[in-house]
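What follows is a set of notes on a single structure, which appears directly below.
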Amino acid sequence: LLRDAAQRGAVADVAIRSEIALGIALAHYQRHDFDAAAAALEDVDPASDIVYARTLECRGWIAKCRNDFGATVEAFEASLAHLDRCNQFDRFLEANLVATLSYVAVELLDFTRWEALLQRAARVQWESSGLEYYRFWLEMNRSMADEISGRPREALHAARNAAVYAPSSAFRLFAQCRRAAVLFSYGELLGFEDLAASIRAEFEPIDLRLLHEFEEVNLPVVVAETLALIGDGAGATAALHRIDTMSAAQLALLHDEPMKRAYFAFVEGLVADANNDAFRAQHRYRDALRA
């Protein structure tokens, strides 16, 4: 109805027509019809100020779902640059772009871009209400960058910060798993084993059906990876089996991107390894590589 009204010219204002087009694109995006979403975005006027900044962001999300990280970076950086020129300012959009770009920079091992993003992140008003989610992921990404760069103390400090800013108990467990990953990477196996035991105990009472789509649904997979790495085959298997209690909508989010499908298959391989099932482990590792 909105699209038809806009196309008939019933909506005269360019900015409002652009916002309608963006809304239609977002509806297609939520249904994973990325071609239709991209087509709808073509109807957004570049002169529509903040609406066009959000349009560029949406193009970035479409590219990310298609596993095109180059196009993802280009769209998100263009959105951030356009946002700086807007008459309006959206602090949530800014925080989201900075946090997501920091994730992509780490995934691409692009530390030149990472350092530039840290400078931009220092200008964000993180104390503003409602930005905890984005600050949490910025600190998680900082922990990964420091771990990869050979700075374990800084990586642990960032993971602890992530736990402080975590907007839910599920996110706090993510931060605990991040700390455990750093300890494992640097051979601190006793500390890792102790932390893994705490993670298993904290994970058990969480009702997975209440987890929302903003990355929380991945929690049982991350916990399973953490427990499998220390050789807790039973705990890792139990964590994966709890996925069966999740809704169809939640399960769809575990597999809606190639990276997610690859990660899920990889963790299944780790869990099989922890249970001394080498045959299944090899098959799942191969599935992960294909994905």
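Does region 14-25 include one or more residues that are among the acidic types (D, E), more than 27 Å from L117 (Cα to Cα) and open to solvent by 60 Å² or more (accessible area, probe 1.4 Å)? Within region 14-25 (the criterion being among the acidic types (D, E), more than 27 Å from L117 (Cα to Cα) and open to solvent by 60 Å² or more (accessible area, probe 1.4 Å)), the answer is yes, since at least one residue qualifies. For region 84-98, a tally of residues being over 15 Å from T55 (Cα atoms), surrounded by 15 or more Cβ atoms within 10 Å (Cβ to Cβ) and out of contact with any Leu (no Cβ under 8 Å at 6 or more places or on another chain) returns 0. For region 38-62, filtering for residues that are farther than 24 Å from Y165 by Cβ, open to solvent by 10 Å² or more (accessible area, probe 1.4 Å) and under 17 Å from the mean Cα position of the chain (by Cα) leaves 1.
Output the residue which, of all residues in region 241-291 that are among the acidic types (D, E) and farther than 21 Å from H212 by Cβ, is least open to solvent (accessible area, probe 1.4 Å). Working first, answer last.
Just the residues of region 241-291 that are among the acidic types (D, E), to begin with: 244, 256-257, 268, 273, 277, 287.
Now restrict to residues that are farther than 21 Å from H212 by Cβ: 268, 273, 277, 287.
Numbers: E268: 32, D273: 74, D277: 63, D287: 52 Å².
Checked region 241-291; the qualifying residue least open to solvent (accessible area, probe 1.4 Å) is E268.
Note on region 141-172: residues that are surrounded by fewer than 17 Cβ atoms within 10 Å (Cβ to Cβ) and not in a helix (DSSP H, G or I) total 4. Summed over region 225-265, residues that are closer than 24 Å to W61 by Cα and either in a helix (DSSP H, G or I) or at pLDDT 95 or above (or both) total 14. Tallying residues that are under 16 Å from the mean Cα position of the chain (by Cα), buried (at least 17 other Cβ atoms within 10 Å of the Cβ) and closer than 27 Å to R66 by Cβ within region 104-140 yields 9.
The values are calculated or read from the model by the stated rules, or taken from the named source; none is laboratory data. Bear in mind the structure is a predicted one, so any value in this text is a computation, not a measurement. Every residue, glycine among them, receives a Cβ derived from its backbone with ideal geometry; neighbour counts consider all protein chains shown. Just so you know, the surface numbers come from the protein's heavy atoms only, side chains and all, with ligands and any DNA or RNA stripped out. Shrake-Rupley method; radii C 1.70, N 1.55, O 1.52, S 1.80 Å.
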